[in-house]
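This report concerns only the one structure given below.
Only the coordinates and a few stated rules stand behind these numbers; no lab work does. This one's a predicted model, so the numbers in the text were calculated from it and none came from an experiment. Reconstructed Cβ throughout: ideal geometry from the backbone, glycine too, with neighbour counts over all protein chains shown.
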Amino acid sequence: MAFEVGSEAVDTAEIGRHYDERSPIGDVLRDGQIHMWYWYDDEDDTPLAEAIHRLGRKVTDTLGLRPGEHLLDAGCGPGATAVFLARTYGVRVTGVTVSRFEIDTARERVSAAGVGDLVRVEYGDYAALPYPDASFDAVLALESLQNAADLDVVLRELHRVLRPGGRLTLSDFSLESSAEPARVAKFMDTLKLRELPTTQGWLDRVRAAGFSVEEHTQCGPRVFGRKSKYIRAAMARRDEVAGRFGEEAVTRFSQNHLGFFAPRPDQIGYVIVSARKVRHDQSPREIPRERTRT
């Protein structure tokens with residue numbers, strides 16, 4: 001199940017321009033990671049950058065990465081997550097994105113961190129990857145599948161490049177209430193989303209692509225539900241950001257994100273799904289049972 005806006009898919013070049021326009025300021029505000037945040041409650045005084053890193057750790061921990069493994073970071077952003085994973089787990093990371101700004105920034109970040117032997121960042125469309133079958137031990141899609149022109153095609157492509165037994169973890173927005181659809185439509189238009197699946201919809205799509213879902217978590221109240229905390233944290237740094245990018249750029253950045261904040265906190269969820277590409281020699285009894293967390 002999914003909430004859809006229109007029937008026209010946004011092309012890859014437009015998605016690239018979308019992130020080229022928004023990522024420079026987002027990169028500064030969010031310390032190199034342009035994904036969402038995670039606050040436990042309104043009294044949680046964790047700084048914005050750490051709240052964002054906290055969510056990144058929560059998502060990537062589910063991959064169970066081991067030294068020497070090869071990870072595909074599908075929609076890698078400005079590279080901070082890839083650097084973190086290479087340093088923390090000793091894995092090789094291939095990151096792909098359609099944003100030229102993100103490629104250049106990620107490569108600079110990788111070089112500055114001294115992990116160029118482990119991390120490679122390339123221009124790449126995750127709907128048509130240039131890699132052979134079974135190239136990767138794990139795939140991470142951290143808030144990147146939301147922009148897929150055809151989600152089912154992308155999930156099948158990620159399944160193809162994973163080795164049998166390899167793991168997929170995705171995290172993304174989910175539809176939790178279809179009330180007041182105009183609010184949801186503004187949100188989707190702002191983020192260039194063609195559709196917004198429910199939690200069950202995400203699980204169904206992952207399974208349809210051939211994966212076995214092993215765990216899923218719905219943590220929307222601590223993510224989108226804390227959007228007011230993000231607004232306060234961002235406003236506290238407005239003068240600093242304006243001094244770097246200019247008042248006009250900050251105003252345009254703010255206007256471009258107005259629709260993101262349109263939904264009520266309970267309308268938009270945030271789901272983390274961990275799945276595995278089943279081995280051909282694995283019987284149904286050997287497939288791990290799924291765990292659910294809320």
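One Cα centroid belongs to the stretch 22-85, the other to the stretch 188-248; the line between them spans 12 Å.
Helical content of the chain, expressed as a calculated mean residue ellipticity at 222 nm, amounts to -12000 deg cm²/dmol (DSSP H runs of 4 or more residues, -39,500 (n - 2.57) each, divided by residue number, nearest 500).
Peptides 115-123, 264-272 ranked from most to least packed by the mean count of surrounding Cβ atoms within 10 Å: 264-272, 115-123. Distance between the modelled labels on residue 31 and residue 239, one decimal in nanometres: 2.3 nm (7 Å Cα→Cβ projection). Within the stretch 2-293, antiparallel bridges make up roughly 45 percent of the DSSP beta bridges whose residues both belong there. Each label was represented as a point 7 Å from its Cα along the Cα-to-Cβ direction; for residue 120 and residue 150 these points are 2.7 nm apart. A crude spin-label estimate for the pair residue 160 and residue 247, with each label 7 Å from Cα along the Cβ direction, gives 5.1 nm.
Pairs of Lys residues in the chain, spaced 8 or more positions apart or belonging to different chains, with C-alpha separations under 22 angstrom: 6 in total.
Inverting the pair-averaged 1/r between distinct Cα atoms of the stretch 2-293 gives 19.4 Å as its Kirkwood hydrodynamic radius. Remark: the residue 192-residue 13 segment gains 63.2 nm on full extension, using 0.36 nm per residue and subtracting the alpha carbon distance. Which residue fluctuates most in the GNM of the chain (Cα springs below 10 Å): 253, 173, 245? The residue with the greatest mean-square fluctuation here is 245.
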